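Scroll down for the structure; my scribbles are underneath it.
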Amino acid sequence: MVAPLKRQQNNGQPGAATAGDPYVPTHGNGGYHVESYELDLDYRVNSNRLSSKATITAVADQALSRISFDLAGLRVSKVSVNGRRAQRYTHRSGKLHIWANILDGAEFTVDIQYGGNPKPEESPWGELGWEELTEGVIVASQPSGAATWFPCNDHPGDKAHYRITVTTDSPYHVVANGRLVSRRTKASRTSWVFDQAAPMATYLATVQIGRYDVVELAASPVTTRAVLPAAQIRDVKVDFGRQQDMMKLFCQLFGPYPFGGYTVVVTDDPLEIPLEAQGVSVFGSNHVDGRRGSERLVAHELAHQWFGNSLTPASWQHIWLNEGFACYAEWLWSEESGGLSAAQQATRAHTRLKSLEQDLLLSDPGPELMFDDRLYKRGAITLHVLRQHLGDDSFFELLRTWTKTYRHGSVTTNDFIELAVTFSPDEDVVRRLFADWLDARELPALPKRRR
């Protein structure tokens with residue numbers, strides 16, 4: 001069982017509303033945990049106008065006199081708590097504060113009507129959140145962009161069920177998280193209803209809107225489809241042609257795929273990097289060339305469905321559990337598909353890392369380095385060194401046990417260490433391995449291969 005997120009006490013006083021993640025200190029809210037979000041979004045593409053209602057069901061972790069949510073760049077018009085209109089609320093600096101008396105342990109429901117012209121929010125990692133494309137919308141929220149399109153407890157450790165309804169102009173295709181429950185067209189507008197039953201962090205919630213066609217890529221072992229501009233269909237069948245083989249490999253090595261299906265969105269605009277959401281990955285037009293030029297990224301984003309989306313970091317300090325694992329999955333696919341072996345990839349990455357500054361602490365990289373490429377590569381090397389120590393059978397059994405034990409939960413580095421030591425006859429060796437690779441800035445030497 002996953003331990004609940006420990007939050008700062010919220011006594012209803014200003015300044016006590018944050019969950020206290022030091023990497024994103026202005027996001028997240030204490031005193032409660034969310035059970036479900038029901039989002040009803042009405043969006044006009046041409047005018048970039050969003051009119052919405054959010055129904056948030058939560059449980060108080062303590063007695064509350066004030067409830068706080070993250071919401072940036074949009075205007076709140078009405079708030080109700082447990083069916084009664086809120087007499088007092090304020091909305092400024094990205095925080096919606098609602099005064100209400102909630103008993104410790106009580107379930108409560110908040111209805112919020114809001115709208116405006118959504119736009120991405122500036123952050124230390126660039127612009128995040130709801131962003132207009134040439135024709136349509138992309139939502140990229142990691143780590144702190146969710147508040148640009150719905151009121152939320154924007155903390156990676158607070159996972160909830162989602163039901164997302166998007167009503168927009170009928171020529172546009174909509175993708176959101178989870179199963180498409182219904183699609184209804186009335187006059188010139190269509191409503192799309194999605195249900196994400198598996199618990200999901202706010203940063204993994206997404207909406208994608210565009211003039212897209214749908215291509216079925218595979219029916220087994222997981223239903224997989226691509227949503228993309230018609231002009232990209234021929235190239236996508238090449239660039240994602242081996243994704244089904246990746247899926248089979250990852251299910252074998254990591255355990256069963258954790259969600260009901262997998263959707264790849266290719267936008268008509270170029271993107272700097274692909275991005276993951278729960279059950280969805282988004283690629284730019286520049287990632288499709290008909291020559292499998294971005295195949296390692298196809299593997300990387302698919303692996304995030306296990307590492308990051310099903311197993312989500314309890315706080316951003318543990319980001320290597322997302323990116324190191326996804327990077328290592330790239331190497332495993334390379335090994336499987338006739339490219340460089342994981343050992344060769346590790347050696348090459350290690351040589352490059354040795355020439356770079358030694359200021360990265362993998363177990364706590366800080367917000368400035370949490371998406372640094374060195375974190376991805378050093379995390380992957382750490383896993384390869386662990387694999388060398390344990391041997392393939394024990395290493396991959398560890399990964400399958402990891403994904404099964406914490407399926408749809410929140411995880412920490414210590415959780416992984418404590419599980420890993422149970423797979424080794426020498427606990428001290430494994431603990432030293434992690435101390436060297438995770439807790440020291442200086443890059444350790446690669447151990448000599450024993451096989």
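Taken together, the values in this text are just the output of simple stated rules run on the coordinates, not laboratory data. All figures in this text were calculated on a predicted structure; none of them were measured in a lab. Quick reminder, even Gly has a Cβ in these numbers, built from the backbone with ideal geometry, and neighbours come from all protein chains shown.
Hey, got a sec? Which trypsin sites (Lys or Arg not before Pro) in the range 81-113 land in a DSSP loop and have at most 15 other Cβ atoms within 10 Å? Write down the numbers at each step before the final one.
Working: sites: R84, R85, R88, R92, K95; in loops: R88.
Loop-located and lightly packed - R88.
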Exercise. Once Rh is set to the Kirkwood radius over Cα pairs, what Stokes-Einstein translational diffusion coefficient, in µm²/s, holds for the range 313-438 at a temperature of 20 °C and a viscosity of 1.002 mPa s?
Worked result: 144
Seminar exercise, completed: note: the chain, Cα-Cα separations exceeding 36 Å make up a percent value of 28
Problem set entry | the chain: angle of helix 342-354 to the longest principal axis, Cα-based, in degrees nearest 10 | 80
Problem set entry | Per DSSP, loop trypsin sites (Lys or Arg not before Pro) in the range 271-341 with at most 14 further Cβ within 10 Å | R291
For this session: Whole number please: convex hull volume per residue, Cα atoms of the range 102-141, in Å³.
Result: 149
Seminar exercise, completed: The farthest towards the positive end of the charge dipole of the range 75-166, of the residues G129, T90, Q142, given +1 on Cβ of Lys and Arg and -1 on Cβ of Asp and Glu, is T90
Exercise. So what's the gap between the Cα centers of the range 293-356 and the range 385-447, to the nearest angstrom?
Worked result: 15
For this session: Measure nothing but the geometry: give the 0 to 90° angle between the long axis through the Cα atoms of 427-438 and the longest principal axis through the Cα atoms of the chain, rounded to 10°.
Result: 70
Exercise. Once label points are set 7 Å from the Cα along Cα→Cβ at both L356 and V214, what is their separation, rounded to one decimal in nm?
Worked result: 4.0
Exercise. Separation between the T347 and T134 pseudo-spin-labels, each 7 Å from Cα along Cα→Cβ, expressed in nm?
Worked result: 4.4
Problem set entry | Alpha carbon centroid spacing (whole Å) that separates the range 74-119 from the range 164-201 | 24
Problem set entry | For the range 213-305, Kirkwood radius (reciprocal of mean inverse C-alpha pair distance, Å) | 13.0
Exercise. Cα gyration tensor of the range 32-208, axes a ≥ b ≥ c as square roots of the eigenvalues: rounded (a/c below 1.5), prolate (a/b > b/c) or oblate?
Worked result: prolate
Exercise. For the range 357-417, what does the alpha-carbon gyration tensor say about shape, rounded, prolate or oblate, given a ≥ b ≥ c as the root eigenvalues, a/c under 1.5 as rounded, and a/b over b/c as prolate?
Worked result: oblate
Exercise. Which FRET efficiency, nearest 0.05, do Q244 and L103 yield, Cβ-Cβ r, R0 41 Å?
Worked result: 0.20
Problem set entry | Residue pairs, from the table K53/K95; K119/K159; K53/K159; K159/K248; K159/K237; K377/K404, whose Cα atoms sit over 22 Å apart | K119/K159; K159/K248; K159/K237; K377/K404
Exercise. In the range 396-447, which trypsin sites (Lys or Arg not before Pro) fall in coil by DSSP and have 12 or fewer other Cβ atoms within 10 Å?
Worked result: R441
Problem set entry | Given the chain, longest segment not containing exposed loop GluC sites (Glu not before Pro) (DSSP; at most 15 other Cβ within 10 Å) | 1-271
Problem set entry | Charge dipole (debye, nearest 20) of the chain; +1 at Cβ of Lys and Arg, -1 at Cβ of Asp and Glu | 780
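From the gyration tensor of the Cα coordinates in the range 144-218, what semi-axes in whole Å does the equivalent ellipsoid have, largest first, with each one equal to sqrt(5λ)?
Numbers: eigenvalues 115, 40, 27 Å².
Each semi-axis is √(5λ); the values are 24, 14, 12 Å.
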Exercise. Which angle between 0 and 90 degrees, to the nearest 10, do you get for helix 392-405 versus the longest principal axis of the chain when only C-alpha atoms count?
Worked result: 10
